[in-house]
Structures are given as C-alpha cells and as structure tokens.
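Peer 1: My structure is below; once you've seen it, I'll send some questions.
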Amino acid sequence: MAEEKSQASSSKMLTLKASDGVLFEVELNIAKEMKTVQAYIDDCEDIETIPIPNVLGKHLAIVIEYIKKTNEEYDAEFEKQWNMDDLQLLLLAANYLNISGLQECLCKAIAKRIENKSPEYVRKVFNIENDHSPEEEAKLRKEYKWAFEGVDKD
Amino acid sequence: MSSPPAKLRVQPDDESPAILPDELITEVLSHADVKSLMQMRCVSKTWDAMISDPKFVKLHLKRASRNPSLTLFLSKSRIDGDNNVVPFPVSCLIENPMITLPNDPYFRLRAKECRYVIGSCNGWLCLLGYSSIGAYRQIWLRFWNPAMHKMTEKLGYIWDNILGLYTHFKFAFGYDELSETYKVVLLILDEARNRTNVQILSLGDDMWRSIQSFPAVPLPFRYSNPGVNDVVYLNGSLNWLALRDSFRSIGVYGWKNVNVKEFVIISLDLGTETYRQLMPPCGFDEMSPVEPSICVLKDCLCFSNDYKRTDFVIWKMEVFGVEESWTQLFRISYQNLQSMHLDFVDLQYSQWLPLHLSDHGDTLILANKQERQAILYNLRDNRAVRTRITDDIQWFSAKVHVESLVSDILKPQVHQP
C-alpha cells in the first residue's frame, strides 16, 4: 500500500487511516496536496496517523495515486477506469480532502458522461426525483425542442 | 439537500449510491455544454432553477471561456453566395483535422438578413446586415447566441452613403460589466472635417448617441469588409490601433511616410465611455512596409509587428494600461513559418494576425493575409503546419467565441438618479 517517491529520501512519512481502517503511508509532500490534511497537520504538529473518516480505503488509494502521478496525460486517461458511482464517490472524497485539481478533473469527467443524455438517465445517475408536473416538463421540452434533438440512447 | 461535509456510506458492500450535495452538482454542471444543460432543466424543479440562475450562468461562462471556439467565416459559400459563420472549437482546430465544414443552414447569414460578424461577446455574436436604397445603405445589427438558439430582431438602424460602410465605418461590440450592458461602438471617418465621429448604441436603447470624437485616426482605413478584425475587446474596453496627429488618408502606399512614434492604441472604457491612449511597446522602433496589429492572447492585450522582414514579433502588455509592462512574448522567424508547398508566398510582406494561444502556451494559431489556411505554430519545436479544413475561410474575420447560457442581452435603459 505504501509507495515511496524516488527522490525525497529524508522526507517525513505520514499515515492516513481510511474509514474502513485501511492504512496508507505517504510522504508529507503528497499528503499536503490534500488541504484538509494540511490543516490537520498545521493544528497538531506531532501527528503521525491522521484519520480520514469519510473516505473508503479503495478510494483513498486512488486519490493518493492521482496526486503522485497527475499530469496532462494521466488526467486525460484517469477517469476512464472508473464507473459513475466510483466517480461520484471519488468526487466526494476529493471535495472532503480539498484537492482542487482532482475535484476539477472529476467534475469534468462526470459532466462529460451525462452530456446529451435524457433527463431520465440523469435522474438515475444522481438519484433525483422528478418533481416537475407533466405539463411543466412538456412546456420545457417544447420551448427547447432543439436541445432534445439527437439525444444519445440511454 | 444541504449537508456539509458530505457523508459517505461506510460499508463497502452498501448498494446505495453516493449523494452529491448541491454545490458539487452545480460544479459538475458548470462543465456541461449548453445543449445538455437545457435538457437537464427537465430533471427537476431544483435543477431548472439552478441552471437558470444568473450566478450559474456566470460560472458556466467563466468555465466555457477556457475552452473557446473561433468563428470561421465563409464568404460566398457553395450555396448561392451566402456568408456562413461556423463556431469551431480551438481544441479541435489544434488537432488539425482534414475536414469539410458541414453545410448546415443554421449557420447561414442571409436567412438572418445579415452578412457579417462584427464581434463576439459572452456567447453572443453581433451580426451586421444592410440593404441599398439608391445612393445610400440602411445598415442594421442583429444579435445571435447560436448555442442557445436565440436571436434578437433587427435593431440599431443607421444610414451611410454608398461608400461609407466599407471604407469609413468601423463597428465594434463589447460589454460593460458595471452596468451589465452590451454596447456597439461605431467610428465614422469624417474626412471633410478632419475627425472621426463616434456613436454608441447601448443594447436596450432605441437610438445611437454621440460621444466625444476619436482622439486619433483608427487603422486601417481602406476598403475592408465590416467583419474583419480591427478592434480588440478586453475587460470592458474596446481597443484600436491608430495614428495620432492630424488626419491623413493612409492609402496602401502610405506606410513609408509614417513614423513609428505616430502609432498609438486608443482604449475606450465602455463604462465611462472615455478614451485612454496607450503607447505601443518601445521595442517597436522601426517602421516596416507591413502593418502592425493588436490582438488578445491569454487575456492580455498584444501588439504584433514585422521586424526587418526577417521576423514576426509579438509583444504582450502584462498589466493592462501599464506601458512599462510590455514584454516580448515571441519572435518568430519567417523561415519557420514558410510553407514547404508554397514558396512563392512572400510571408515577410504580408500582414499577420495572431488568433489564439493555447493554454499551455505551446500552440499559436496565426493567420496571414496571403494564405488560405491558418497556421498552427508549435512554439516548442518551432514547426508550422497549415490547417487542413478544405473550405475557403476568411481567417482575418475569425472571432474568439464561447458557448454561453446568457439568454437575454437587451436591457431596458435604467435611469440612474
């Protein structure tokens, strides 16, 4: 689980503990990319193990990998590996941990996957109930008829 | 549904999906395209309100500005001499596809009773049309947001004499953030009185109104169609390259008589409607038969000139309005720009116009008056390739354009106390 970056030999290591108890040993400079963790370190200087109660081990692993490898090429391929549920969970994790680069990457990825899909599809993705009356919805569909042309099949 | 911080289901086997809080949904949606967002208004009442909210429209516009298009202007297209304007994403242009633009009637201007694109602002294109009545032309404007399928009526009617539009009129389109008003500015060359008159139309008003005359002579004043890029909109101001001093008719051959010191950039603040004069970079110290130009790259005012017919130089004003902040951005040798296939083209004698600089600063899109194609110049390895779109595009009319949700640009005049 722990991967050391080749350069920093004398860099301090930190342990992050995911919500399901999985432990990750990371270098300080990696952990600092998570602004939430940075704030934690600023508050308690001697801390060695930081609890991350909102993020599962499997997602924390992905987040740490992202921080280590992020660049234009990596980001372009990154989101392709995950299904919609994981993308949303990762977004929640990135948001909680306050990693702006990852948050933006994930928002873009999710947006791309819901583009040109039917409203029903989008509702399922985000678990949203339709509270439009049939008349209201019909009115919108009529007013923006052009938007509903050539929609991807669900 | 507001619950910061967002809580996840802890058990990994739990079937329930993640629930994104509103702020994250807003952020996700701000990256979606306009067509999809209009569909998503049907998702729920909350989403309908979210997407129509002016704050969201602004956020979306900000994101979209990082992914702009160029409006490709096709004159005398395949269909009966009609002009077409097709927004084409820069990211796609840089990949240089060999394609022919689709012949979509949606992008034809004649059906909109217009001929040219004056400018683009916040997703709205300012179109110009006219009809000839005897020795005069009646000119009008029309505003179109192609992404939103919204278009205004014809407005801003104005008359010229039959020569005026192509030689003595210059239109410009911009936005004043403070008053949230879109404005069109018209420069009218008045040779007899040795001055340039200026009129402004605030969208929502009925009439053009005069403001203080232009403090210099705008360039270029020779026959050119109204859609050609000769003005730069930047952060609430419109900017023209001009010559100071008394009025002179600058013909095609007049450059030899022009002194470098006569060049000035006139900046019109769209809020206060007052002028400011900015000096070009002091590094531009030698005249050349090739006309310099101004443009916007990476949200900064830029000045480009020929250097001794060997190089093309682009300067950037790092801080707008601060003349000491002019820095040389690029110096590109004409040799690097020369096409392998077109060695009869004398690039060093024709005018250049930078159109766009990519985010990471490695690709510059350049247009040259002599060439049909634009140039994609890779700044890292100094290689130039030509674009491969087969249509005949007027690159000097290409405007930077974004997709926006802005649905209403006509504002009734608000009387300030």
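FYI, it's all coordinate maths here, none of it is from the lab. Computed from a prediction, not measured in an experiment: that's the story for all the values here. No Cβ is skipped: glycine too gets one built from the backbone with ideal geometry, and neighbour counts run over all protein chains shown.
Peer 1: Output the number of residues of segment B:47-89 satisfying the condition of being over 23 Å from the mean Cα position of the chain (by Cα), more than 8 Å from chain A (Cβ to nearest Cβ) and either surrounded by fewer than 17 Cβ atoms within 10 Å (Cβ to Cβ) or not β-branched (Val, Ile, Thr) (or both).
Peer 2: Adding up the residues that qualify gives 11.
Peer 1: In addition: If you take the residues of segment A:98-124 that are touching an Asp or Glu at 6+ places or on another chain (Cβ under 9 Å) and among the β-branched types (Val, Ile, Thr), which of them is nearest to the other protein chains (Cβ to nearest Cβ)?
Peer 2: Checking each candidate, the answer is A:ILE110.
Peer 1: Scan segment B:163-180 and give yes if some residue there is more than 20 Å from the chain's Cα centre (by Cα), in a strand (DSSP E or B) and crowded, with 16+ Cβ neighbours inside 10 Å, otherwise no.
Peer 2: Within segment B:163-180, none of the residues are more than 20 Å from the chain's Cα centre (by Cα), in a strand (DSSP E or B) and crowded, with 16+ Cβ neighbours inside 10 Å.
Peer 1: Among the residues of segment A:21-57, which ones are surrounded by fewer than 15 Cβ atoms within 10 Å (Cβ to Cβ), within 14 Å of chain B (Cβ to nearest Cβ) and over 15 Å from A:TYR96 (Cβ atoms)?
Peer 2: Of everything in segment A:21-57, just one residue is surrounded by fewer than 15 Cβ atoms within 10 Å (Cβ to Cβ), within 14 Å of chain B (Cβ to nearest Cβ) and over 15 Å from A:TYR96 (Cβ atoms), namely A:GLY21.
Peer 1: Please go through segment A:28-50 and pick out each residue that is acidic (Asp, Glu) and in contact with a strand residue (DSSP E or B) (Cβ under 9 Å, 6 or more places away or on another chain).
Peer 2: Of segment A:28-50, the ones acidic (Asp, Glu) are A:33, A:42-43, A:45-46, A:48.
The one that is acidic (Asp, Glu) and in contact with a strand residue (DSSP E or B) (Cβ under 9 Å, 6 or more places away or on another chain): A:GLU48.
Every residue, every condition in (1) within 30 Å of B:HIS360 (Cβ to Cβ); (2) in contact (Cβ under 8 Å) with a residue 24 or more places away in the chain; (3) assigned to a helix (DSSP H, G or I); (4) of a type in the set (Ser, Thr, Tyr), yes or no:
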{"position": "A:GLU25", "(1), (2), (3), (4)": "no, yes, no, no"}
{"position": "A:THR36", "(1), (2), (3), (4)": "yes, yes, yes, yes"}
{"position": "A:TYR66", "(1), (2), (3), (4)": "yes, yes, yes, yes"}
{"position": "A:ASP75", "(1), (2), (3), (4)": "yes, yes, yes, no"}
{"position": "A:LYS80", "(1), (2), (3), (4)": "yes, no, yes, no"}
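Peer 1: If you don't mind, there's one more thing I want to ask. Restricting attention to segment B:379-400, does a residue exist that is of a type in the set (Gly, Ala, Ser), surrounded by fewer than 21 Cβ atoms within 10 Å (Cβ to Cβ), part of a strand (DSSP E or B) and touching a Leu at 6+ places or on another chain (Cβ under 6 Å)?
Peer 2: Let us first name the residues in segment B:379-400 that are of a type in the set (Gly, Ala, Ser), namely B:384, B:397-398.
Next, from what is left, pick out any that are surrounded by fewer than 21 Cβ atoms within 10 Å (Cβ to Cβ): B:384.
From what is left, the residues that are part of a strand (DSSP E or B) are B:384.
Imposing the further condition that a residue be touching a Leu at 6+ places or on another chain (Cβ under 6 Å) reduces the set to B:384.
Within segment B:379-400 (the criterion being of a type in the set (Gly, Ala, Ser), surrounded by fewer than 21 Cβ atoms within 10 Å (Cβ to Cβ), part of a strand (DSSP E or B) and touching a Leu at 6+ places or on another chain (Cβ under 6 Å)), the answer is yes, since at least one residue qualifies.
Peer 1: Give segment A:125-136 a look and list any residue that's buried (at least 17 other Cβ atoms within 10 Å of the Cβ) and at the interface with chain B (Cβ under 7 Å from one of its Cβ atoms), or say none.
Peer 2: A:PHE126, A:ILE128, A:HIS132
Peer 1: Need the failing condition index for A:CYS44 against (1) over 20 Å from the mean Cα position of the chain (by Cα); (2) in contact (Cβ under 8 Å) with a residue 12 or more places away in the chain, just the number.
Peer 2: For A:CYS44, the exception is condition (2).
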